[in-house]
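Taking it in order: structure first as structure tokens, then the write-up.
The values are calculated or read from the model by the stated rules, or taken from the named source; none is laboratory data. Because the structure is predicted, anything quoted here is derived from the model rather than measured. Here the Cβ positions follow ideal geometry from the backbone for every residue, glycine too, while neighbour counts run over all protein chains shown.
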Amino acid sequence: MKFDTPAGTNPIDNKTVVGRPTSRIDGPLKVSGTAPYAYERHDVVPHQAYGVILGAAIAKGRINRIDSAEALRAPGVLAIVTHENAGKLGKGKMNTAKLLAGPEVDHYHQAVAVVVAETFEQARDAATMIRVDYARTKGRFDLMEQKDAPLVGGSSGEGSGAPPIDRTGKFEEAFAAAPVKVDVTYTTPDESHMMMEPHATIAAWEGDSLRLWTSNQMIAWGKGDVARTLGIPADKVRLDSPYVGGGFGGKLFVRADAIMAALGAKAAGRPVKLALARPMIPNNTTHRPATMQRVRLGAGQDGKLTAIAHESLSGDLPGGGPETAVSQTKLLYAGANRLTSMRLAVLDLPEGNAMRAPGEAPGLMALEVAMDELAEKLGMDPVELRIVNDTQVDPEKSGRAFSQRHLIECLRTGADRFGWNRRNSKPGQVRDGRWLVGMGVAAGFRNNLLMKSAARVRLERDGRATVETDMTDIGTGTYTILAQTAAEMLGLPLDAITVRLGDSDFPVSAGSGGQWGGNNSAAGVYAACVKLRGLVAARLGLGDNPEFAGGKVTGGGRSVQLLDAVKAGPITAEDGIEYGDLDKTYQQSTFAAHFVEAGVDAWTGEVRLRRMLAVCDAGRILNPKAARSQVIGAMTMGAGAALMEHLAVDKRFGFFVNHDLAEYEVPVHADIPHQEVVFLDYPDDKSSPLKAKGVGELGLCGVGAAIANAVYNAAGIRVRDYPMTLDLHLDRLPTYRA
Amino acid sequence: MKPFTYTRAKTPAEAAAAVAGTPGAKFIAGGTNLLDLMKLQVETPTHLVDIQDTGLDRIEKSADGGLRIGALVTNTTAAADPRVRRDYGVLTRAIVAGASGQLRNKATTGGNLLQRTRCPYFYDPNQPCNKRKPGSGCAAIGGYSRGLAVIGSSDACIATYPGDMAVALRVLDAGVETVRGDGTKRTIPIADFHRLPGDKPHIDNVLAPGELITAVTLPKPIAGRHFYQKVRDRASYAFALVSVAAVIRPDGTGRVAFGGVAHKPWRVEGADAALPQGAKAAAQLAFAGARPTEENAFKLPLAERTLASVLAQAKG
């Protein structure tokens, strides 16, 4: 189905199932521990052996020699694969660094070997017996030493992108002439996805065919890159990933667990099960790259922006790309004179890549604090500053409107709900016992991406329907919204729908990433259901466009049980959604207003959150319950980014030092206060027949800045370096009275 | 994890004899730290003697009016004991400030004293670490040292003792009862129990090989308000940047110990004496001769401010 004109009225608008707060249909499996994750699929193939990866002990250099003799003699060891016996390997299209080192080592903990043994413990022990002789070479590990790195354009692959340098109007002249301006530089650190489920795979060969039971967000990408890396035809590879215990972008790509399990299985002649050990994940896999961002804003006394510049520096391995931290600045506010640019340093740290809301997540942590700084200079309310700079068109192409944009309503609704009028605009004035208390606001922004997505829907003989697509559910609620979509389209109750996901033999979907999964995969199911409805109508002789409701099909003056259609056998329809240029004619984005109340301990500088509110404008909300879960989870991730998460770089040895969950701190329950989420719920007819948009990342975008702005309001401490741990501002706290 | 053998002892003396007589042997109780370190091959015992059947799981009144907490009493049980809560509030507060509910259910009083540093370089067997591999060097010096020691450190090691419970025990002047392989018993004052790193940072404490902790003894209750304030990057389940254990009397006198700053719970007598003069005076004495790194120098003003906060609460 081609979607190239705005959606008219369609069965989704009935909202008998879609749009209702619906508990996840996979919820009981999840909470009872019976949803089988990759590492737990003991039943899929017999005689599974265990694989353990040995990671490189250096960041950059060469492997001179690998001595596996002792390890090979260790009890239970079946095989050891290194670059010396792996055969010729390619590199995945989506991977920057290859997944098996040798002889060159590209980054710390890059896989050097996989040991396959009868038991996990045997494999783990034997891995430590492999002697690797390395020749270290000097690496580049300090981003701040490369502030003049070359200008590079790029796309996050997740919707954010920008050319190396982009100009509209005359920024420098306008900025020089602006009566009120800010010129500030912010830094954000490297961050790790730290999803609960580690990367894990079971690999089994049948002749020259490979099956992988794995944990992956993008099945078709994965299938292609497994084939490319191993040098086998893609049709010999089958991936299965029905449950994913979190990904956040860390599982967009095939990683070492899948490739090393496949190599180990081939060498051992046995299926191999392999998970990355937690302490290996931050350095072996990808991470969100650190940035340094300079923001310059010039405005008139009325607060209207006349000059906007956002310049970002990040680093990556050779051949990698920039963190696209400037992309939202191209679209968020009006202003005639604009400049964005990105510089990319070459670093020999692990691979930087997409992590939830790549680009916007760190970009808004700079831009939206700069807006707060500007509001203060103007003596203007920060909510009003954002409102006066709203734009309904792409500021760089004034003929191009937003498909929808209700940022002003987000801000006004949020201000009203949060009691913003009680905020004292002078910092450091509100005290609650030991706490200095303040409120902050920030806008949230993230694009809505259209990606083609296919599905197969089968009406079974018993009147139930089965949906099959290689779409994944990474904890987002995909199972449920696809079931809701099919139920709505076929006039069936939710529990009459079975959804099967994550198998590369199913029709290719949009996959899970860039907050594009929900809208596009549901639109794919919609397309398949439209086709199925046609087949049903034809079989029942009910004319062109009958209604499906309550288990009946009604058309041409007749009403027939849907079950009658499958008396002669099941009916299957396969189709997908493909898009025209509605995302080029219109700018499709999602918007939020984040409000935060924070406390700063006047004695110790500890920052603790007290209240959070997000008002979201993200099209039709397909399942308010699942969407709320996505947004509060994202707000929690934003709190982590603002307050504690950072990978500490050892600039001598070139690795992330705090590479486990004891030392890389993410928020715990005690860190998260009451969170409120409001959805404006305006269907967007340009986005898809569902009229929905992405929402899974929006909740993260801007929340860190709202926290930073609340801290400023609380204690007069302006945060420009994240995370805002107390050591950075201890000297700016009020002096205590002894 | 290296392969190891495993036995269970019936009595403390039998356990001590078993470990003393077996090279490479270690005791195991809750295992909340040891097993993690074994998986990383930071610890590589060849034999484990499980002490969970040795009956050291009681809290009893002692003859001198104090309490005797068996080495196997879990952190949860010790913190919840009504006598501990009533008379040794600093201890309850310190214990519940540490780890998580699940870990405290499993972790024991004796094991808690023996938890090893959380220095990230100690946890990464690819990196030099004099504590893990004597003579290999210290990667933390000149490296990521934000959480590490500011005082009492050496050129060989800047690790911190990570626990909370022992900081409270230090302020209470607790004792550590032990039994050795030959059956001899002794009580080690908590002040002397943990070592400074010096040139032997691989040795955390003064226990002899095979010497088993059987109990922690608390003296008679110490009058005053009990405080344990722990400062950390997140609200729970994090190691202290700085912690302050204190008992403060109405007249402003009292005692104070600091956690998160040294290779052992840090207490300086002179600082106790200076408490009535305020946090600045007491902290100056407590941290005289401090040698922080650039990354952790903030712990010195933080310790002073945290103590000031405690003293303000004591007044209030």
Any idea how many residues of segment B:241-262 are under 21 Å from A:Asp727 (Cα atoms) and out of contact with any helix residue (DSSP H, G or I) (no Cβ under 8 Å at 6 or more places or on another chain)?
1
Failed item, numbered, when B:Ala139 is tested on (1) out of contact with any Lys or Arg (no Cβ under 7 Å at 6 or more places or on another chain); (2) away from every other protein chain (no Cβ under 14 Å); (3) of a type in the set (Gly, Ala, Ser)
(2)
In segment B:230-262, which residues are among the aliphatic types (A, V, I, L, M), touching a Leu at 6+ places or on another chain (Cβ under 8 Å) and surrounded by 24 or more Cβ atoms within 10 Å (Cβ to Cβ)?
B:Val231, B:Leu241, B:Val242, B:Val244, B:Ala246, B:Val247, B:Val256, B:Ala262
Here are B:Pro276, B:Pro292, B:Pro250, B:Pro301: which of them is within 12 Å of another protein chain (Cβ to nearest Cβ) and either in contact (Cβ under 8 Å) with a residue 60 or more places away in the chain or part of a loop (DSSP other than H, G, I, E, B) (or both)?
B:Pro292
Could you tell me whether A:Ala267 is in contact (Cβ under 8 Å) with a residue 12 or more places away in the chain and either touching a helix residue (DSSP H, G or I) at 6+ places or on another chain (Cβ under 8 Å) or within 20 Å of A:Gly92 (Cα to Cα) (or both)?
no
Just need a number here: residues in segment B:142-187 that are surrounded by 24 or more Cβ atoms within 10 Å (Cβ to Cβ), within 14 Å of chain A (Cβ to nearest Cβ), within 21 Å of B:Gly111 (Cβ to Cβ) and in contact with a Lys or Arg (Cβ under 8 Å, 6 or more places away or on another chain).
2
Using the structure shown, decide if B:Tyr123 is within 19 Å of the chain's Cα centre (by Cα), buried (at least 24 other Cβ atoms within 10 Å of the Cβ), among the aromatic types (Phe, Trp, Tyr) and within 23 Å of B:Arg195 (Cα to Cα).
no
Expected single match for within 14 Å of another protein chain (Cβ to nearest Cβ), within 19 Å of the chain's Cα centre (by Cα) and not hydroxyl-bearing (Ser, Thr, Tyr) among B:Ala99, B:Ala78 is B:Ala99
Out of A:Ala568, A:Ala537, A:Ala528, report the one residue that is under 18 Å from A:Ile497 (Cα atoms), hydrophobic (A, V, I, L, M, F, W, C) and assigned by TED's automatic domain parsing to the domain that holds A:Glu488.
A:Ala528
Name the residue that is nearest to the other protein chains (Cβ to nearest Cβ), counting only residues in segment B:195-221 that are outside any loop (DSSP other than H, G, I, E, B) and surrounded by fewer than 23 Cβ atoms within 10 Å (Cβ to Cβ).
B:Asn205
Which residue, of A:Thr391, A:Thr480, A:Thr485, A:Thr413, is of a type in the set (Ser, Thr, Tyr), assigned by TED's automatic domain parsing to the domain that holds A:Ala375 and not in a loop (DSSP other than H, G, I, E, B)?
A:Thr413
Residues satisfying the stated conditions in segment B:279-288, i.e. closer than 23 Å to B:Gly163 by Cβ and either at pLDDT below 95 or away from every other protein chain (no Cβ under 12 Å) (or both):
B:Ala286, B:Phe287
Go through B:Glu211, B:Glu295, B:Glu304, B:Glu269 for me and flag whichever is out of contact with any Phe, Trp or Tyr (no Cβ under 6 Å at 6 or more places or on another chain) and modelled with pLDDT under 95.
B:Glu269
What are the residues in segment A:629-665 that are in a loop (DSSP other than H, G, I, E, B) and facing chain B (nearest Cβ under 8 Å), if any?
A:Met644, A:Ala648, A:Arg652, A:Phe653, A:Val657, A:Asn658, A:His659, A:Asp660, A:Ala662, A:Glu663, A:Glu665
Would you check which residues across segment A:138-176 are of a type in the set (A, V, I, L, M, F, W, C) and either assigned to a strand (DSSP E or B) or out of contact with any Asp or Glu (no Cβ under 7 Å at 6 or more places or on another chain) (or both) and list them?
A:Leu143, A:Met144, A:Ala149, A:Leu151, A:Val152, A:Ala162, A:Ile165, A:Phe171, A:Ala174, A:Phe175, A:Ala176
Counting only residues that are assigned to a loop (DSSP other than H, G, I, E, B) and among the hydrophobic types (A, V, I, L, M, F, W, C), which one in segment A:666-682 is nearest to the other protein chains (Cβ to nearest Cβ)?
A:Val668
Look at segment B:126-135 and say how many of its residues are surrounded by fewer than 19 Cβ atoms within 10 Å (Cβ to Cβ) and either at pLDDT below 95 or within 13 Å of another protein chain (Cβ to nearest Cβ) (or both).
2
Options A:Leu613, A:Leu690, A:Leu622; residue that is away from chain B (no Cβ under 14 Å) and more than 21 Å from A:Gly475 (Cβ to Cβ):
A:Leu613
Say we look at segment B:222-247 and pick out the residues that are under 20 Å from A:Glu663 (Cα atoms) and outside any loop (DSSP other than H, G, I, E, B); which of these is nearest to the other protein chains (Cβ to nearest Cβ)?
B:Val231
If we scan segment B:281-288, do we find a residue that is within 19 Å of B:His194 (Cβ to Cβ) and part of a loop (DSSP other than H, G, I, E, B)?
yes
Check whether at least one residue in segment B:36-49 is out of contact with any helix residue (DSSP H, G or I) (no Cβ under 9 Å at 6 or more places or on another chain), modelled with pLDDT of 95 or more and under 18 Å from B:Ala174 (Cβ atoms), and report yes or no.
no
